[in-house]
Amino acid sequence: MTDFMKLQNGSDIRGVAMEGIPGQEVNLTETEAGAIAGAFAYWLGFKVGKNPFDLRICVGQDPRLSGDTLKEGVLRGIAMFGAEGYDAGLASTPAMFMSTVLPQMDFDGAVMITASHLPWNRNGFKFFTKEGGLDSKDIASILRTASKYNFVGEFYEERHSNALQMYAAYLRQMISIGLKDVPGGLSGMHIVVDAGNGAGGFFAREVLEPMGADISGSQFLEPDGTFPNHSPNPENREAVRSLCRAVTENKADLGIIFDTDVDRIAAVGSDGKAIARNRIIALAAAIAAEDYPGGTVVTDSLTSVELHEFLEKDLGLKHLRYKRGYRNVINKAKELREAGENAFLAIETSGHAAYADNFYLDDGAFLAVQLIINAARLKAEGKDITSLIEGLKSPAESAEIRFILTAEDWISLGTSVLEDIEKWVKETSGFELVSPNFEGVRADFRVPVTSGGSKKEAKGWFLLRKSLHDAVLPFNIESDTEGGTEAVLPLILDFMRRYKGIEIPE
C-alpha cells in the first residue's frame, strides 16, 4: 500500500511512475493519481467556496511516458467528486496557472503532471489556484485526504482545453506590445531555442516564429519522454554547453533553454557564453530595474558576493539572500510586498524566476519574453543584451561538495554538524559568520594563498546547509582569488571527518 505522504516533495508531488531503474519501486500509478486528484478537488471546493459540482479544473502534462496513464487517473479522480476536468494535453506549468487567471479560460484550479527535470521514470503533480501554486502545507493536507480514499473512479466525461495555445497568444501579445516602436519587431532577431524534448517546443514554433523571428538552429523541440539528447535541465552543464554550441554555430543573437515544464530557463548570449545561475539573476534584475528603482530582489542562499554587489551598487537595488526552494523565495517576496517593500523579483540560481507583475509565477517563458524584448531593442541600438550585466564580476573559483549522510538518524546528525561548524567558524581565525543568514551556516573567509608566484589574500565564502529533501549536506564555496578554495577545503574536510555516518569525497 502506497504511503502517500512519501510522495510529497516540498510544494510538489513526485514519485516513481514507471519500472526500469533498479532499486526504484513504482509508487505513483493511475490509482494514486486518482485519489490525489479527488483530494485536490475536495480541497479546492473549500478553498474557493464552491460546490464540487461547480468546479472546473484544467489538467496538462509534460511529455513523460507515464503522463497519459496518470492523466486518466487524474480526470477520473476529479469526476469522482463531481467536478469537471478539462484535458489540455501537452502543456507547460505556467500555462496551467494562467488557465486560472486568463479571463478566456477562468478555471477554478489546475493540475500539471510533471516531474520537472527528473529522469524519465519519475512523474508527479503541481497544483494551482488563482492565488498561485500550493504551499507545502496544502500538499500535505491533500495527501492526507488522498490516503483515506478507496479510489474506484471508473468514468469521466471527455472535455478539452486549448490552454497552451491561449498562453502562447498571451506571450505573443506581450512581445507585440514590448516592441511596438521597434521597426520590424522580431524580424531581425535570430533566436535558438533548446526545449530538451520537453514541453517548450511551442515557444519557438507558436510564439517566436509567428512574430517573425529566425528560429533556425533550434534543437530538441519535439516532445520525447525519454529525453534522448540531454537532461531537460537548465542547470545541467552538458545541456547548456549544447546550446552554447548551437548559438555559436548559427551565429544567433540569443539562445534560450527550458526545463521540461518550462518554469525554468537559462540563456546564451551572442558571444556563445552561458547566462545562468548568478548571471541569469543579474540579467533578470537588470531588465526590470528601471521600472522598480530601489526595489528588492529575493534570491536563494547560493548567490555570490559579486552578484550582491552588482545588484546593490550597480543597479541600486536591494538584495535579500534567502533560502533554497523556489516556493520559499516566492513566498518571502510576497511577504515583503505585503509589508510594503517593493519586492519585484523572486529568483533562484536554478532558473526559477517570478516577477511581481506576473502574479509571482515562476515562469520560464515569461522571463524568456522579457529577455527577447530587451535583446531586440538593444540590437536596434547596436548593442547586445549582455551589455546590461557588463559590471557583474565572477568569482575566480567555485566548487560544490555533497556530503552524504549514511547514519540511520541522519536528520539529527545533520543538525549537529551545522551547530558544530557554526562554533568552529567563531573559533577559527580568518573566518566570520555572515548575518543575516536564513539557511545553514554561511561564512566569509580571508586566507593567505600563493598565486602567480606571489603571496596574496583570498577572500570568499562557503555555505553548508541541509538538503531540502535528501540525506545530504551540500557544501558550496567561492573565492575571488585562485587557490582560495584549495586553502579552505582541507580544513572543511578535516572538520567533517570527525563524524561517523558521513561519506567524505576523495
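Summary table
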| quantity | calculated |
| --- | --- |
| Cβ crowding within 10 Å averaged over residues, with 183-189, 17-23, 54-60 ranked highest first | 54-60, 183-189, 17-23 |
| Computed accessible area, residue 68, all protein chains, 1.4 angstrom probe, square angstrom | 100 |
| Electrostatic dipole magnitude of the chain [Cβ: Lys, Arg +1; Asp, Glu -1; Cα centre; debye, to 20] | 600 |
| Distant-in-sequence amide H partners of residue 300 (H built 1.01 Å from N, under 5 Å) | 322, 347, 349 |
| Over 19 Å between alpha carbons, listed pairs 251/383; 47/130; 50/126; 466/500; 6/148; 423/466 | 50/126 |
| Residue-normalised accessible area of segment 238-315, expressed per residue, 1.4 Å probe, Å² | 33 |
| Gap separating the Cα centres of segment 238-288 and segment 167-212, nearest whole Å | 15 |
| Within the accessible area of the chain (1.4 Å probe), percent carbon and sulfur | 47 |
| CD proxy at 222 nm, helix term only [per DSSP H run n ≥ 4: -39500 (n - 2.57); per residue of the chain; nearest 500] | -10000 deg cm²/dmol |
| Exposure ranking of 114, 386 by accessible area [1.4 Å probe, largest first] | 386, 114 |
| Residue-normalised accessible area of segment 14-60, given per residue in Å² at a 1.4 Å probe | 46 |
| Rel. contact order, % - alpha carbon contacts under 8 angstrom, at least six apart, the chain | 11 |
| Accessible surface, 1.4 Å probe, highest first, among residues 498, 172, 465 | 498, 172, 465 |
| Solvent-accessible ranking of 383, 500, 466, largest area first, probe 1.4 Å | 500, 383, 466 |
| With DNA, RNA and ligands ignored, accessible area of residue 308 (1.4 Å probe; Å², nearest 10) | 60 |
| Most to least packed among 259-267, 397-405 [average Cβ atoms within 10 Å] | 259-267, 397-405 |
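The values are calculated or read from the model by the stated rules, or taken from the named source; none is laboratory data. Because the structure is a prediction, the values reported are computed rather than measured. As a convention, Cβ positions derive from the backbone with ideal geometry for all residues, glycine included, and neighbour counts pool all protein chains shown. The accessibility values were calculated without ligands, DNA or RNA, using every heavy atom of the protein model including side chains. Shrake-Rupley method; radii C 1.70, N 1.55, O 1.52, S 1.80 Å.
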